[in-house]
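Below you'll find the structure, written out as C-alpha cells, and then a few comments.
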C-alpha cells in the first residue's frame with residue numbers, strides 16, 4: 001500500500017494530536033490541518049469516486065476550486081476536504097451514493 | 001455563405017424552430033433554419049425542462065399539450081440521439097389551504113372538457129416524493145404521463161437529424177430583413193447573404209415581433225423573465241416533475257406583481273436538480289438578480305428541507321415569449337402570403353414545441369392540421385394586442 | 001441593505017495593500033476574504049494550531065507576508081475585515097452577494113476592488129485525474145502551510161522558477177524528489193532570467209540558493225522535458241516523461257518511465273476573473289498573463305467605472321506587482337471618493353509606479369517563461385478527461401467540434417463541459433487553447449465560458465437564510 005504522504009515536523013510546533021473518523025476508521029490529525037492533509041498523511045488519497053465512470057479522485061488544486069475533494073463531513077455532503085479544518089471526533093465519509101442512475 | 005434558395009426558411013433555432021425544421025425535412029421539404037445565436041441559446045436552453053399537462057387549461061390549451069406529449073414520445077423513438085425524456089409523472093402540490101379552491105375549479109373544468117385529472121392525498125404524495133416536507137403537502141394533482149426532458153439535447157437531436165434529412169442549419173447568422181412584393185414573401189436577407197424563398201416560418205420566440213415587423217406585422221409577444229437554479233449532482237432524489245400550486249394561483253393572478261416565485265423542481269438524468277422558479281418583467285435582461293436567487297432557494301428549501309445542504313452551482317434566466325392569453329400564435333397571417341407564425345409559446349415552449357413543429361409541417365404540406373388550430377392565429381388579437 | 005464605501009474582494013497581497021492605502025486616507029473599507037486567515041495564496045499563513053519554530057526556514061516570501069500583514073493589523077480598527085466570507089455574485093454593479101456566517105446577504109459599494117488572485121493552469125494529459133497528481137499551488141499549500149509531503153518520491157513537472165521554490169520547500173521538509181522537469185530551456189540564460197524574475201539581488205541570492213539545494217540533493221533538473229502520462233490503479237504509481245522540442249511537443253522515442261507516487265504540476269497560472277466578467281468589465285486574452293484579463297487604466301480601474309482590479313487576478317505578475325497595484329488602486333479609490341486631492345493622489349502613486357516600472361521592465365521575461373507552447377495541449381489522448389467534473393473526454397469534444405461548432409459556449413451545451421461544480425475553471429482555459437489550435441481561431445473568436453451566479457457553489461440553505469427582500473411592486 002502506498003503511504004501517500006508524511007507529516008513534517010521541522011520548522012513548526014504542533015499541538016496535541018487527536019482522532020478523526022474516516023469511513024468508520026480512526027486516524028490521527030493535528031489542529032490546523034485540513035481534513036485533506038490529515039487523510040494524505042494517513043495514506044488515504046482517494047477521496048471520492050466519480051459519478052459517471054466511477055474513477056478515483058483526490059486532492060488536486062488544494063485551494064477550494066476544483067471540487068475534487070468533496071466528501072461528507074459531519075453529515076454535510078459535498079464538503080471540500082481541502083478547505084475544512086480537522087476537529088476532534090469529526091466524521092468523514094466517502095460518498096458512495098452518487099453513481100448516475102440509468103437513463 | 002448561405003444557400004441561394006430554399007422552399008422554407010425557418011427563423012429561430014430553439015425547440016419550436018428546430019421541430020418545424022425537422023418535420024419539414026422529414027416530409028421532404030428543402031428547409032433552411034436560421035438562428036442568430038448558438039444552439040438552444042435562448043429560452044430553449046434556460047427553462048424548467050417540463051413536458052407537462054396538469055396545469056393546461058381546458059379547450060385548445062390541453063389539446064395542444066396532449067398532442068405535443070404524443071409527439072415527444074414519437075421523437076423519443078425517431079431521433080437517433082437520446083434527449084433524456086422521462087415520463088416519471090407530474091405532481092402539482094397543494095401547499096396551502098388557500099390554493100384548494102383554485103385547484104378544485106381547475107379539476108372540475110378539465111373533467112368537463114374530457115381531460116380529467118387525478119387528485120391524491122398527502123400520504124400518497126409523500127410515498128411518491130419522500131423528501132418533500134409534510135408541512136407543505138396537503139395533497140396533489142397527479143398525472144402519470146407528465147415528466148421532464150433535456151431541452152438542449154432535444155434541440156441538438158432535432159438539429160442533427162434534420163441535417164441528416166437534408167436540412168441546412170445556419171447558426172450565428174442574423175436575419176436582417178424579409179423581402180416581400182405584391183403581398184407575398186420573396187426572400188430572407190441575412191448578414192451572410194440572401195435566401196430566395198416563398199415561405200417563412202417565424203419561430204423567433206421573444207423576437208417574434210422583430211421578425212414579423214420586417215413584413216409590417218406586429219406580434220403581441222412580450223418577454224417575460226424567469227429564473228431557475230441548478231444544483232450539483234445528487235443521487236436519485238426527485239423522480240417526478242414537481243410544481244407547487246402557487247404557480248397556478250399566480251398564473252391566474254396574471255403574474256404582474258414584480259418579483260414572484262413558485263415551486264418547480266425536477267431532476268436531470270445527470271443528477272442535477274433544476275429548481276425554481278421566479279418571474280419578473282425585466283425586458284430583454286437575462287441576468288439573474290440576488291433577490292430571485294435567494295427567493296427560489298427559500299421556496300425550495302421550505303418545500304424540501306434536505307436541500308439545505310445541497311449546493312447551487314449556477315443560475316440561469318431567460319425571457320419567455322409571453323402572449324396575453326398564454327397561448328401560442330400558430331398559423332398563417334392575413335395580408336401577407338407565405339409568412340407563418342410559430343411563436344409566443346410563453347413558458348411552455350419545451351412542452352408544446354415539438355407539437356407545434358408537427359402542426360406547422362402539416363399546415364405547410366397538407367394545408368390542414370390534425371386538429372383545428374385556427375383559434376391560434378395572429379388574427380385573434382386586436383390592434384391593441386389583446387385577444 | 002448594508003453599504004460600504006470601498007469593498008475589497010480578496011485578502012492576498014493586492015487586497016491588503018489597497019485596504020491599507022485607502023484606510024490611511026480615511027475611506028471606510030470593507031475587506032472580504034474567503035479563507036480563515038489573510039494572505040491569499042502568496043502569503044498563506046498557518047492555521048491556529050501551528051506554532052512557527054523557525055520563520056527564517058520558511059523563506060523570504062513568508063517574511064514579507066508577515067511584515068505586510070503586521071502593517072495591516074496596525075490599521076485594525078480602520079478596516080472592516082470579514083473572513084470566511086464568500087463573494088458569490090455581483091449585481092447591478094452596485095452590490096456584491098456574500099455568504100457569511102451561514103447566511104447570504106447583499107453588500108452595496110461605492111467602489112469595488114477585485115483582488116481575486118489566480119490558480120494553477122490545468123493541463124490535461126493521460127492520467128492527470130489520478131489521486132496523487134497535484135497542482136504546484138496545491139502541493140505548496142500542503143508542504144508549506146500544512147506540513148505534509150505529497151508523497152514519498154515526487155516528480156515536479158512544469159515551467160518557470162516557481163517550481164524551484166516548491167522543490168526547495170519539499171527538500172527542506174525532508175522530502176525526496178525524483179526529478180524536476182522544465183518544459184522550456186529556462187536555465188540556459190539563468191543569470192539574466194533570475195535578474196528578471198526576482199528583480200533584485202536579494203531574490204537572486206535566494207534563487208541561487210534554491211538551485212544549490214537542488215543540486216546538493218542530487219535532484220536532476222531536466223530541461224526540455226515534459227510529463228506525458230501518469231499511470232496507476234487507485235493512485236499515481238509511475239509517470240512517463242520525455243524530451244520535447246521547442247514547441248513542447250514530446251518526442252516518443254525519448255519517453256521513459258519513472259516510479260513516482262506524487263506529481264506536482266506547475267505550468268503557470270490562470271487569472272480568476274469571474275467577478276470582473278460577471279460585472280461586465282471588458283477583458284482581453286493574453287496567454288502570457290493568465291488568459292482572459294480585465295482591461296485597466298493606469299489607476300487600476302476596469303472599463304466599468306468604480307470597479308478596480310489588481311494583482312494576479314488581473315494578469316499574473318507576482319506578489320510584488322500585486323502590492324504596488326493594490327496601493328495604486330487604494331489611493332485612486334480614495335481620491336475618487338474625495339478623500340485625497342488628485343494632486344496628493346498623484347504624488348502618492350508616483351513611487352508605486354516607479355517600483356512597478358522597475359519590476360515591469362523585467363516582467364516580460366517572466367511572461368515569456370509562463371507562456372505555454374502548443375505541445376502542452378497535444379498531450380491529451382482521445383480518452384483523456386478534459387472536463388474533470390463532468391468526465392468529458394477529448395474524443396467527445398472532437399466529435400462536437402466536427403459539428404460546425406464555433407464557440408466554447410457551443411461545446412458546453414453539446415458536451416456538458418463546464419457544467420460541473422468547478423464552473424469551468426479546470427477545463428475552460430485548456431479548451432480555449434485546444435480550440436485555438438484546432439480551429440486556428442483567435443481566442444476572442446472562441447469566446448469564453450460565461451460566469452453566472454453563484455460563481456462558487458453555495459449551499460441552498462445559506463441562500464435561503466438571507467433576509468427576505470420586500471416584494472417589489474413594478
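Some points to look at:
- Viscosity 1.567 mPa s, temperature 4 °C, Stokes-Einstein D of segment C:8-86 from Kirkwood C-alpha radius, µm²/s: 100
- Selected from B:241, B:105, B:297 as most flexible by GNM, with chain B as the system and alpha-carbon contacts under 10 Å: B:105
- In segment B:118-237, Rg over Rh equals 1.17, where Rg is the alpha-carbon radius of gyration and Rh the Kirkwood radius from pairwise Cα distances.
- Derived value for segment C:266-320: Kirkwood hydrodynamic radius 11.1 Å. Basis is the mean of 1/r over every pair of different alpha-carbon atoms.
- Debye-sum result for segment C:33-73 in log10 I(q)/I(0), which assumes one identical scatterer on each alpha carbon, at q = 0.24 Å⁻¹: -0.89
- Residue exposure sequence - B:18, B:246, C:284 - by fewest surrounding Cβ within 10 Å: C:284, B:246, B:18
- With contacts taken as Cα pairs under 8 Å at a separation of at least 6 residues, chain C carries a relative contact order of 18 percent.
- Fraction of alpha-carbon pairs over 58 Å apart in the protein assembly as shown - percent: 14
- Length released on extending from residue B:192 to residue B:284, taking residue separation times 0.36 nm less the Cα-Cα span: 30.6 nm
- If R0 is 60 Å, the Cβ-Cβ spacing of residue C:298 and residue C:233 corresponds to a FRET efficiency of close to 0.65.
- Highest average first, the peptides B:154-161, C:251-258, B:179-186, C:130-137 ordered by how many other beta carbon atoms sit within 10 Å of their residues are C:130-137, B:154-161, B:179-186, C:251-258.
- Footprinting exposure proxy ranking of B:199, B:330, B:119, fewest other C-beta atoms within 10 angstrom first, gives B:119, B:199, B:330.
- Kirkwood's formula applied to the C-alpha pairs of segment A:22-73 gives a hydrodynamic radius of 11.8 angstrom.
- Over chain B: helical MRE at 222 nm, DSSP H runs n ≥ 4 each giving -39500 (n - 2.57), nearest 500: -9000 deg cm²/dmol
- Estimated FRET transfer efficiency when R0 is 56 angstrom, pair residue C:215-residue A:74 (beta carbons, to 0.05): 0.75
- Taking A:7, A:95 and counting other C-beta atoms within 10 Å, the order from fewest to most: A:95, A:7
- Size-normalised alpha-carbon gyration radius of segment B:1-51, reference 2.2 N^0.38 Å: 1.23
- For segment C:1-46 versus segment B:177-247, the inter-centroid distance based on Cα atoms is 46 Å.
- In the calculated pair-distance distribution of chain A, the portion above 25 angstrom amounts to 18 percent of the Cα-Cα pairs.
- Relative contact order computed over chain B (Cα-Cα under 8 Å; 6+ residues apart), in percent: 24
- Volume per residue of the C-alpha convex hull in segment B:325-387, rounded to whole Å³: 81
- Between residue B:270 and residue B:27, the contour length at 0.36 nm per residue exceeds the Cα-Cα span by 84.1 nm.
- For segment B:229-341, the average shadow cast by the Cα convex hull is 9.3 nm², which is a quarter of the hull's surface.
- Helical content of chain C, expressed as a calculated mean residue ellipticity at 222 nm, amounts to -10000 deg cm²/dmol (DSSP H runs of 4 or more residues, -39,500 (n - 2.57) each, divided by residue number, nearest 500).
- Considering all C-alpha pairs of segment B:18-102, those separated by over 16 Å amount to 70%.
- Taking only the C-alpha atoms of segment C:1-157, the Rg (one decimal) and the largest Cα-Cα distance, Dmax (whole number), read 17.8, 54 Å.
- Peptide C:85-98 - average C-beta neighbours from other chains (10 Å radius): 2
- Segment B:74-102 and segment B:1-30: distance between their alpha carbon centers, rounded to Å: 28
- Distances between every pair of Cα atoms in segment B:78-157, grouped in 10 Å steps from 0 to the bin holding the largest one, split as 17, 37, 28, 17, 2 percent.
- Chain A - percent relative contact order, Cα under 8 Å, separation 6 or more: 29
- Principal-axis tilt of helix C:319-336 within chain C, Cα atoms, nearest 10 degrees: 20
- Rg over Rh, two decimals, chain C (C-alpha only, Kirkwood Rh): 0.96
- Cα-based Rg and Dmax for chain B, where Dmax is the largest Cα-Cα distance (Å): 20.4, 65
- Residue list for segment C:314-343, given a label point 7 angstrom along the Cα-to-Cβ vector of residue C:110 and an amide N cut-off under 19 Å: C:328-343
- R0 of 35 Å, Cβ-Cβ distance residue C:395-residue B:1: FRET efficiency to nearest 0.05: 0.75
- Peptide-level mean, for C:410-419, of C-beta atoms on other protein chains within 10 Å: 4
- Gap separating the Cα centres of segment A:31-103 and segment C:132-172, nearest whole Å: 20
- Global dimensions of segment C:83-189 from alpha-carbon coordinates: Rg and Dmax equal 19.2, 53 Å.
Read-outs throughout are calculated quantities, based only on the coordinates presented, and are distinct from any laboratory measurement. The model shown is predicted, which means the values in this text are computed figures rather than measured ones. Note that each Cβ is placed from the backbone with ideal geometry, even for glycine, and that neighbours are counted across all protein chains shown.
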